[in-house]
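Engineer: Quick one: the structure is below, questions incoming.
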Ligand code: HEC
């Protein structure tokens, strides 16, 4: 009986989650770009703003053509890397373009306050 109740609650929660997911995103593409860029934050800092004292290069304010070129060089293996060749491999040209636009337009002092 208790189990049945819990199962019913779980089903209700899943249905609610499904309904929420079915809502059209206000700007699905912008969200997609932000979530791709967020994967870089773990190493390159929030919104690409480098952490003071860390050697990791900042991405915020990185000129777009250079950022595109770097990511493609990592992806193609023309630039040696410890990790970036693995990461860059996951993105299409269009995604690289979108990621580069995102970071090129971040303030270099963003630190989570750019919006
Ligand atoms: C797991 C940590 C990690 C993640 C995640 C990561 N990077 Fe990197 N990134 C590095 C390291 C380390 C380097 C130095 C090159 C190397 O050894 O791979 C680097 C170098 C770079 C460079 C070259 C900077 C320069 O001026 O030489 C760019 C551009 C770059 N990353 C962009 C990105 C982007 C865009 C993302 C997200 C899609 C990302 N990185 C995610 C670790 C990471």
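Coordinate-derived values only; no laboratory data. All figures in this text were calculated on a predicted structure; none of them were measured in a lab. Counting neighbours? That spans all protein chains shown, and the Cβs are built from the backbone with ideal geometry, glycine included.
Engineer: How far apart, in nanometres, would the label points at residue 76 and residue 97 be if each is projected 7 angstrom from Cα along the Cα-to-Cβ direction?
Structural biologist: 1.7
Engineer: Follow-up. With a ≥ b ≥ c taken as the square roots of the eigenvalues of the C-alpha gyration tensor of the stretch 26-104, please select rounded if a/c is under 1.5 and otherwise prolate if a/b is larger than b/c or oblate if it is not?
Structural biologist: Working: a/c = 1.65, a/b = 1.09, b/c = 1.52.
Judged from the Cα gyration tensor, the stretch 26-104 comes out oblate (a/c at least 1.5, b/c at or above a/b).
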